[in-house]
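> Below you'll find the structure I mean.
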Amino acid sequence: MLRRTPLAAAVLMAGALALTACTSQPSPAPSTSAVADPNASVTVRMVAEPGNLDIRETAGAALDQLLIDNVYQGLVSRTPEQDITPALASDYEVSEDGLTYTFTLREGVVFHDGQPLTPQDVVWSLTQVRDNPSYRDAQRLAGVTSVTADGQTITVTLSQPDSSFLWNLTGRAGLVLKEGDATDRKTAANGTGPFTLSSWRQGDNVTLQRFDGYWGDPAGVAEVVFAYIPDTQAALNAALAGEVDVVTGFDANLSEQIEANGDFAVEVGASTDKATLAMNASDGPLSDVRVRQAIRQAIDHDAIVEAIGVGQTQYGPIPELDPGYEDLSDVAPHDPDAARELLAEAGAEDLELTLTVPDFYGTTVSQILVSNLHDVGVTLEVEVVEFSAWLNDVYVNRDYDLSFVLHTEARDFENWADPEYYFGYDNPEVQELFAQSLAATDEDEAAELLAEAARIVSEDHAADWLYNGASVVAVGDSIAGMPTVNVNERLNLAEITKSEG
């Protein structure tokens, strides 16, 4: 059963990959006498710092939060509420057969180095992503047969209909870079967005500055500083000391402390974050579906939601805000007795497993997992590692038993249809259903096919989905225009303002 719990009981864990399902609330507006300062600098506390700035080849939502919309842009973008909107394209059309997409490129757009955006830059950017498997989301453009330009008109042709194509262009796959640009993308950036990447003090902060040559409305502040403060208490102290204006990934259990003097208000927004307990089924005891099911039924999901205080339970790979969602609580209900029977049947009564967790998460969930699994005879050792180590060991090399991270990406079911993803899940039926969903030209049909595939993934006990949480943001009283929905995935700060005084 889905369960929502009050914010007052909250203990939110923040992360680089994070969570949702509460009603979003607007950011507090300045008082009527407040005047926005166009020369202001806003400091935003972030949790996870990217290992490098190469958004083409480096995983992790920390890069999406920092760079997409703020520095880099595509032909289209999306709102926090997941609506697709024009960006570098002023408008677009889709043919009735779903095979041809026509975009009108804006005139007068320039990159941060002063070079003009040309139609050829778009052709090159999309083609480069499609043709380079090492690029993040390259597979999202696999169906593109051609990208051509005629004047300011860009035409993209697909080999077959793809119901997710426009959505894919709102993410990394659709970002437009300058052809021939010599910028070292690991340490710098050259985009078309409202902010330029001014500096990166590794281990401390990244500073963005307003781009005066921006094609759209100018950014509301002159500077945004992304301050990386992994420790929750340190973030609270920085806010109370006036060193940060906004605290993302906030621990809601500290709401009374940060709101006490009226300088901050805590806002809860919806997101598509999925707390995923990945299970490496490549070999060993986890290759037995009975063991995986036992682990799931040993876990008290309601207790986890109550402990973190915001969000709701989730028993499948698709969160409530995404197409294809279905309540799958019937698949693996909490039942420790059934878990013990399954483990005995599988000959795994004295099972010992390791849980690998990035170091920027709190201990709440890990402690509950250790306790729940201990109750059914499973010894769980928790290994806390730096995110770079998690990326290398778990994400790249798949060297893990269990792993817990918050996957913030919206509409990312394709990971369950990709055997090469770190989940390692390989089910031809799921892959076929996903392919049929992509090929569907009717949105309802596409969602129904996704729901069918998601139920199979859950019934295979390919992983466990511990909860679907919420983004919790503490916003200073001088700040307006701060996004509060899906901020763990994307963070467009073009409209943020800071009042004087």
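> Take the alpha carbon gyration tensor of the stretch 256-316, find the square roots of its eigenvalues, order them as a ≥ b ≥ c, and report rounded if a/c is under 1.5; if not, report prolate when a/b exceeds b/c, else oblate.
Verdict is prolate for the stretch 256-316.
> Kirkwood-based Rg over Rh for the stretch 174-282 (C-alpha set), two decimals?
My calculation of the ratio gives 1.05.
> Moving on. Pull out a ≥ b ≥ c, the square roots of the eigenvalues of the alpha-carbon gyration tensor of the stretch 57-127, then state rounded if a/c is under 1.5, prolate if not and a/b is larger than b/c, and oblate in the remaining case.
Verdict is oblate for the stretch 57-127.
> I've got another one for you. Hey, if you drop one equal point scatterer on each alpha-carbon of the chain and run the Debye formula without solvent, what base-10 log of I(q)/I(0) do you get at q = 0.12 Å⁻¹?
-1.11
> Can you compute the modelled spin-label distance between residue 35 and residue 426, with each label point 7 Å from Cα toward Cβ, in nm?
Rounded to a tenth, the inter-label distance reads 6.7 nm.
> For residue 148 paired with residue 231, estimate the spin-label separation in nm (one decimal), with each label point 7 Å from Cα along the Cα-to-Cβ line.
6.0 nm
> Answer with one residue from 182, 194, 220: the one whose Cα lies farthest towards the positive end of the charge dipole of the stretch 178-222, charges on Cβ with Lys, Arg +1 and Asp, Glu -1.
182
> How much length would be gained if the chain were fully extended between residue 198 and residue 52, taking 0.36 nm per residue of separation minus their Cα-Cα distance, in nm to one decimal?
Using 0.36 nm per residue and subtracting the Cα-Cα distance, I get 51.1 nm.
> Going by a ≥ b ≥ c, the root eigenvalues of the Cα gyration tensor, does the stretch 396-501 fall in the rounded group (a/c under 1.5), the prolate group (a/b larger than b/c) or the oblate group?
prolate
> Can I ask one more? At a 10 angstrom cut-off on C-beta neighbours, averaged per residue, how do the peptides 160-169, 383-392 rank from highest to lowest?
By packing density, highest mean first, the sequence is 160-169, 383-392.
> Here is a further query. So for each of 146-155, 308-317 I average, over its residues, the number of other beta carbons within 10 Å; can you give me the resulting order with the highest mean first?
Result, highest mean Cβ count within 10 Å first: 308-317, 146-155.
> Label points 7 Å out from Cα along the Cβ direction at residue 120 and residue 441: separation in nm?
Going from the residue 120 label point to the residue 441 one covers 3.5 nm.
> While we're looking at this one, here's another question. Quick one: what are the phi-derived ³J(HN,Hα) couplings along the stretch 319-328, Karplus 6.51/-1.76/1.60 with θ = phi - 60°, whole Hz, x for glycine and proline?
After applying 6.51 cos²θ - 1.76 cosθ + 1.60, I find x, 4, 7, 9, x, x, 5, 8, 5, 10 Hz.
> At 0.36 nm per residue, minus the direct Cα-Cα distance, what do residue 212 and residue 337 gain on full extension? Give it in nm, one decimal, please.
38.6 nm
> About the Cα centre of the stretch 129-193, what is the dipole size in debye to 20, counting +1 per Lys and Arg Cβ and -1 per Asp and Glu Cβ, all else neutral?
240 debye
> Computing the accessible area with a 1.4 Å probe over protein heavy atoms, can you report the carbon and sulfur percentage for the chain?
45 percent
> With every protein chain left in place, what is the accessible area per residue of the chain in square angstrom, probe 1.4 Å?
That works out to 39 Å² for each residue.
> Something else: To the nearest 20 debye, what is the magnitude of the charge dipole of the chain about its Cα centre, counting +1 on the Cβ of each Lys and Arg and -1 on the Cβ of each Asp and Glu?
1300 debye
> Moving to a separate point now. Picking from 205, 55, 465, whose Cα lies most toward the positive end of the charge dipole for the chain (charges on Cβ: Lys, Arg +1; Asp, Glu -1)?
Projecting each Cα onto the dipole axis, the largest value belongs to 205.
> For the pair residue 398 and residue 85, what calculated FRET efficiency results from E = 1/(1 + (r/R0)^6), where r is the Cβ-Cβ distance and R0 = 35 Å, to the nearest 0.05?
Efficiency, from the Cβ-Cβ distance: 0.40.
> Could you name the lysines in cross-link range of residue 178, using Cα to Cα under 27 Å and dropping any fewer than eight places away on the same chain?
Leaving aside lysines fewer than 8 places away in the same chain, those within reach of residue 178 are 186.
> Over all Cα pairs of the stretch 364-422, how is the pair count split among 10 Å bins, expressed in % and running from 0 up to the last occupied bin?
18, 42, 34, 6
The values are calculated or read from the model by the stated rules, or taken from the named source; none is laboratory data. Bear in mind the structure is a predicted one, so any value in this text is a computation, not a measurement. So basically every Cβ, Gly included, is an ideal-geometry build from the backbone, and we count neighbours across all protein chains shown. For accessibility, only protein heavy atoms count, side chains too; no ligands or nucleic acids. Shrake-Rupley method; radii C 1.70, N 1.55, O 1.52, S 1.80 Å.
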